[in-house]
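Below is one structure, written out as structure tokens; comments come after it.
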Amino acid sequence: VSGLAERLSRVVGRAHVLEDEQLTAAFERDFTGRFAGRASAVVRPGSVAEVREVLRLCAEAGVAVVPQGGHSGLVGGGTPRDGELVLSLRRLDRIEELDEDAAQVTVGAGVILENLQAHVRERGFDFAVDHAGRGSATLGGMAATNAGGPYAVRYGSMRAQVAGVEAVLADGRVVSRLSGLLKDNAGFDLTGLLVGSEGTLAVIARLRLRLVPLLPARVTALAAVPDLERGLELLRRLRAEAPSLQAVDYFHAHGLRRVCERHGLPLPFRADADVYLVVECAARRDPSDELAAVAELATETAVADDERGRAALWAYRELQNETLTALGVPHKLDVSVPVARVPVFERDVEAAVARLTPGAELFLYGHLGDGNVHVNVVGPPLDDQRIDEAVLRLVAGHGGSISAEHGVGLAKTEWLSLSRTPDEIAIMRDLKRALDPQNLLNPRRVLG
Ligand code: 2HG
Ligand code: ZN
């Protein structure tokens, strides 16, 4: 690689080609601890033109490239395997003009979600996708993985927010769809194709994002319910009665106890319940009355309408992932099933864990409104994939998807056929070959 490193240095500057282990380490191990590998180098271009030139040089040298944003992905999509070159997009961190007429903003792929939020909120707008990784996740990575989060129940996932991308193909060609036209039917939707392609088809370098009005009156309720069936009853009521509904997340008593232990938080309620829901409404004026069903159906409720109080309630939910990761490297399965099936699906998962990996610690939580369940199993060694296999087969059996909002990455390639037909997978391979014939962009991710 050293000849290549020299040529790359001439493009991005010597300071932005990292080879020293101390400097590259942060780019080489993911948040879960499951994925890690030495990168041959970490290259940090500062412009789209530099991204093009870097990709052109890598193609010439036949070197595989792993595009990386905030490195907060959970499926190994942005973590190098030995010898791959990491293309860090973090320096493309410019927020460009906010178009108030279109309610859109153009951003570099490396803009961190939290920074975008602060920027657009000052101007009376908001960005519709939010999640616990907001302090590190970049918009480019979120688009590449089609990230979802708790507000997808109201606004949809990333794909619904991305009006266009500027993306560089492996051979340096550029797709530049940043006009933001919402009505634009001149041919295939290349933006829609690239969003969610996990860096396997092109490198997203800039994005045109849709914004939503900032809704200043936000009310969050933490509600204890006896079981998931009651949770679904509440969800049904809210769908009919609460036009300002934006989140219906949930977790279980076990996860709550673990979060409180680790973070020294008080238990929210006096009595134990099996299921806890985080319900949120947001509107221009106080939407509290739309939450009437929560008080009627929950056994205990805590409500907050100020920033700190809301964050305190969300913490019980948002800290689940970090808390269980501290207990050990988890078997992490982000899946979705039809909403009505969540209770039976969970019972099947519990039975599978008891049968295959007795003694393992099971965490179930997620975004109930989308049927998005985060299954995390801590304890069994990672090379024992029986529980992963069993859970994903259950997902398929219930008509769900093996990847809801995190992507396929390296983690789930062997199970893709549980969610896509052989014809569909063959079409995806055709597209991959057409756009990246040398197989240099994030090889093995998604398609194996
Ligand atoms: C969340 O909803 C994230 O907290 C992470 O999507 C979930 O790691 C997980 O299982
Ligand atoms: Zn999630």
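The residues listed here are Arg154, Arg134; of these, the one that is at pLDDT 95 or above, in contact with a Leu (Cβ under 6 Å, 6 or more places away or on another chain) and within 16 Å of ligand 1 (Cβ to nearest atom) is Arg134. Just to be sure before I move on: is Glu290 acidic (Asp, Glu) and within 25 Å of the chain's Cα centre (by Cα) in the structure I sent? No, not satisfied.
If the condition is being in contact with a strand residue (DSSP E or B) (Cβ under 8 Å, 6 or more places away or on another chain) and surrounded by fewer than 24 Cβ atoms within 10 Å (Cβ to Cβ), then the range 167-180 contributes Leu169, Ala170, Val174, Val175, Ser176, Arg177, Leu178, Ser179, Gly180.
Residue-by-condition table, conditions (1) touching a Cys at 6+ places or on another chain (Cβ under 9 Å); (2) of a type outside the set (A, V, I, L, M, F, W, C):
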{"site": "Pro45", "(1), (2)": "no, yes"}
{"site": "Leu57", "(1), (2)": "no, no"}
{"site": "Gly73", "(1), (2)": "no, yes"}
{"site": "Leu87", "(1), (2)": "yes, no"}
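Exactly one residue out of Val329, Val373, Val377, Val335 is modelled with pLDDT of 95 or more, surrounded by fewer than 22 Cβ atoms within 10 Å (Cβ to Cβ) and touching a Ser or Thr at 6+ places or on another chain (Cβ under 8 Å), and it is Val329. The number of residues in the range 39-60 being open to solvent by 40 Å² or more (accessible area, probe 1.4 Å) and in contact with a Gly (Cβ under 6 Å, 6 or more places away or on another chain) comes to 2.
Just name the residue that is nearest to ligand 1 (Cβ to nearest atom) out of those in the range 429-448 that are crowded, with 17+ Cβ neighbours inside 10 Å and hydrophobic (A, V, I, L, M, F, W, C). My answer is Val446.
Could you please give the count of residues in the range 202-217 that are more than 16 Å from Gly180 (Cα to Cα) and open to solvent by less than 10 Å² (accessible area, probe 1.4 Å)?
Start the filter on the range 202-217 by keeping residues that are more than 16 Å from Gly180 (Cα to Cα), which leaves 202-203, 213-217.
Pick out the ones that are also open to solvent by less than 10 Å² (accessible area, probe 1.4 Å) and you get 202-203.
Adding up the residues that qualify gives 2.
If I ask for residues that are surrounded by 21 or more Cβ atoms within 10 Å (Cβ to Cβ) and more than 13 Å from ligand 2 (Cβ to nearest atom), which ones from the range 395-409 would you list? Result: Val395, Gly400, Ile402, Val408, Gly409. I need a count of the residues in the range 61-91 that are of a type in the set (S, T, N, Q) and open to solvent by 20 Å² or more (accessible area, probe 1.4 Å). Selection size over the range 61-91: 1. The set of residues from the range 345-377 being within 16 Å of ligand 1 (Cβ to nearest atom), farther than 19 Å from Tyr250 by Cα and not in a loop (DSSP other than H, G, I, E, B) comprises just one member, Val353. Against the list (1) in contact (Cβ under 8 Å) with a residue 40 or more places away in the chain; (2) hydrophobic (A, V, I, L, M, F, W, C); (3) assigned to a helix (DSSP H, G or I), the condition Ala39 fails is (3). If only residues of the range 351-366 that are touching a residue at least 24 places away in the same chain (Cβ under 8 Å) and over 17 Å from Glu389 (Cβ atoms) are counted, the one that is nearest to ligand 2 (Cβ to nearest atom) is Gly366.
The values are calculated or read from the model by the stated rules, or taken from the named source; none is laboratory data. Because the structure is predicted, anything quoted here is derived from the model rather than measured. Because the Cβ atoms are built from the backbone with ideal geometry, glycine has one as well, and the counts that use them run over all protein chains shown. Ligands, DNA and RNA are excluded from the accessible area calculation, which covers all protein heavy atoms including side chains. Shrake-Rupley method; radii C 1.70, N 1.55, O 1.52, S 1.80 Å.
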